[in-house]
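Values quoted throughout were computed directly from the atomic coordinates according to the rules given, and no laboratory measurement underlies them. Only a predicted model underlies this, so the values are computations on that prediction, with no experimental measurement involved. Here the Cβ is made from the backbone with ideal geometry for all residues, glycine too, and neighbour counts use every protein chain on show.
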Amino acid sequence: MSYLVVSPDLLATAAIDLDSIGSALSAANAAAAVRTTSLLAAAADEVSAALAALFSGHGQAYQALSAQAAAFHQQFMQALGTGAASYAAAEAANASPLQSLLDGINGQVQAATGRPLIGNGTNGAAGTGQNGTPGGWLIGNGGAGGSGKAGTTGGAGGAGGAGGFLGNGGAGGAGGTGTTGNGGSGGAGGAAGMLGTGGAGGAGGNSVAGAGGAGGIGGNAGMLYGAAGIGGNGGSTQSLTALGGAGGAGGNGGMFASGGAGGVGGSSFGDGGAGGAGGTGGMFGPGGTGGGGGNSIGTAGGVGGAGGSGGMFGAGGTGGSGGHGATAGGTGGAGGNAGMLSLGAAGGAGGIGGDGTTPGGLGGAGGAGGAAGMFFGDGGAGGAGGFGAMNGGKGGAGGNAGMLNGSGGAGGTGGQGGTTAGGDGGTGGTGGMLGNGGNGGSGGAGGTGAGGKGGIGGAGGNGVLIGDGGNGGNGGTGTTPGKAGAGGIAGQLLGLDGFNAPASASPTHAAQQQALSAINAPIQAVTGRPLIGNGANGIAGTGMAGTDGGWLFGNGGIGGSGAAGATGGPGGNGGGGGILFGSGGTGGAGGPGATTGGAGGAGGSAFFSGSGGSGGSGGTGVAPAGTPGPFTGGAGGRGGNAGFFSGAAGTGGAGGDLGIGGAGGAGGNGGLFASGGVGG
């Protein structure tokens, strides 16, 4: 049996084209008829008369044939047009019963349940705050929520409608703008069905004199497949006393999906709004990234949102960065914890603290890294502290590893101080039974004033059974250099103590350390790295790179911070982790400069099992009086790559801020089961 596929529209178009061709041919034939059917003889002789009669006869015969062709053309064109009309009528007749049948079924289902069987939901009208209606039970996207009404107090945005079994959730409506009152809150995004994407939360409404509206919560992803909706951003306000709106939380992931990212807090002339928390990951998905805190022109930046917890087998989400503020930067959000039964997933990295920008401003503290799963995985790295025009913020503590296997997270680097003290480095996390303690964070550089004191380095985390203790963080540079942090103690069975570890009172432990040092010495001399043990830290203020960890296991050394000057020196790169397990070292912070800050060093990469090091923060440029100078901030360093089998990719370093902000560093590449790192 042969099958014929016909498009009525194309047939009708062809008939019109043929009519145009026929009209053109008829006009041409008529114009040629006079010259070709009645030729005059060239002379009075018989030959000329015969030739004229011959050519005139040919012209008359051509005109007769043209008339027959025109008649055939007219008949063919009419047949083609009739066929097109017949096909169109047949198509309409066939479609009408099916549509009528579907309308009849949908009408009954709609009347009984409030939603159709198949079809998209209806959008809420703009300016009404109406909710979007849900999509069809089987197939259909939810309708978008209507925006809130503007007024003295902004109206709330409508919620997005839920998606069908196969369908996406509708987006939440934006909150309305308020004048003297608060902005309206954004509507929640609609949840997807079995397969589909959750709707984004609506943005909070802005306000002139009141608080900004809160962003709406993102919709949950489909149970089996689909992305979770992101939280809506908080609304901004021009008030000196009211808060920017809080960002909405991200939606929860489905079976294999990550949680949605939290919304960014709203900006304000007063305090910035808090960032929204990242959504919880699905059973095999990572937690969502927390939203950044809102910036403040007059007071304190908003707190970054916490990273979402991973699903049963997923990694924790990265915490959001704290907002920048005039008097104080916001604290970075805490990293989310990895799932209880995760095998190689790590806790989320803590968010970077915000900058305190005006004279007397304080840098925000970095967020704490999330904990690994119960048995396996690395702890998350602590976030770096923010720059403070007076004091830098403290680095966040690294998260603890799983009980059986994994390395502790590195502590965050302290923020640079403008006139007085740099921030202290964060403490490294504790390793598992098989794993290294995390390196402590380096202290921030002290300010240029007479009281400029470098921050104290964070203490390294301890090993448990087999593994090295983490290196103590470098002390910050300054008029009075900061002290290095204490190194962590190695595992009881095998491992080397971290840099600057206290002397052991145990004769057995002391003998073990001496024996390992003797074994390491010739291997270090030949290959440039030990067999077991951490790499050496780069010297603070020199931009020296950290060296690689041991061939078997060990963390990479911390990169040295860049030198201060008119143009700040670049920070040193962190060393690579050991072959079997070990995390890459944190890149050194770029040196402060009066005109241009130095670039942050790249974080070291892990090899088989371990997390990449965080990139170093770009240096800032501060004039001698402690006020921001006309400068360009240094670029943040690139995060290190995760280990091939397990571990988290390093986060990129924050670019130097204040004048012309430096570019943030790129996140590191993920491993076999890990996602790429978040950029700075």
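What full-extension length gain, to one decimal in nm, is calculated for ALA111 and GLN78 as 0.36 nm per residue of separation minus the Cα-Cα distance?
Values: separation 33, 0.36 × 33 = 11.88 nm, distance 4.84 nm.
The span from ALA111 to GLN78 would gain 7.0 nm if fully extended.
Taking Cα pairs under 8 Å and at least six residues apart, what relative contact order does the stretch 158-307 come out at, in percent?
Taking the mean separation of contacting Cα pairs over the length of the stretch 158-307, I get 16 percent.
Cα centroids of the stretch 126-176 and the stretch 265-316: how far apart, whole angstrom?
What the calculation gives is 23 Å, centre to centre.
Return the distance in nm (one decimal) between the two label points of a simple spin-label model at LEU138 and ALA515, each offset 7 Å from Cα along Cα→Cβ.
Output for this residue pair reads 7.3 nm.
Suppose R0 equals 45 Å. What FRET efficiency, 1/(1 + (r/R0)^6) with r the Cβ-Cβ distance, do GLN238 and ALA125 give to the nearest 0.05?
Numbers: r = 28 Å, r/R0 = 0.63.
Here the calculated transfer efficiency is 0.95.
For LYS453, give me every one of the lysines with a C-alpha distance below 27 angstrom, ignoring sequence neighbours fewer than eight places off in its own chain.
By straight Cα distance, LYS453 reaches LYS394, LYS483.
Applying a 10 Å radius around every beta-carbon, put 148-156, 537-545, 162-170 in order of their mean neighbour count, most first. Mind dumping the intermediate values first?
Values: 148-156: 22.0, 537-545: 24.4, 162-170: 29.3.
My ranking of the peptides, most packed first, is 162-170, 537-545, 148-156.
Evaluate E = 1/(1 + (r/R0)^6) for LEU552 and MET255, where r is the Cβ-Cβ distance and R0 equals 35 Å; express this FRET efficiency to the nearest 0.05.
Working: r = 38 Å, r/R0 = 1.08.
Efficiency, rounded to the nearest 0.05: 0.40.
Which parts of the stretch 162-181 would a label at LEU224 reach, counting a residue when its backbone N lies under 19 Å from a point 7 Å out along Cα-to-Cβ?
The answer is 163-169, whose backbone nitrogens lie closer than 19 Å to the label point.
Given R₀ = 30 Å, what would the calculated FRET efficiency be for LEU343 paired with THR508, taking r from the Cβ atoms and rounding to 0.05? Write out the running numbers ahead of the final one.
Details: r = 34 Å, r/R0 = 1.12.
The calculated FRET efficiency here is 0.35.
Go through 607-617, 490-500, 182-192 and give me the packing order, highest mean Cβ count within 10 Å leading.
Details: 607-617: 36.7, 490-500: 24.7, 182-192: 34.1.
Highest to lowest by the protection proxy: 607-617, 182-192, 490-500.
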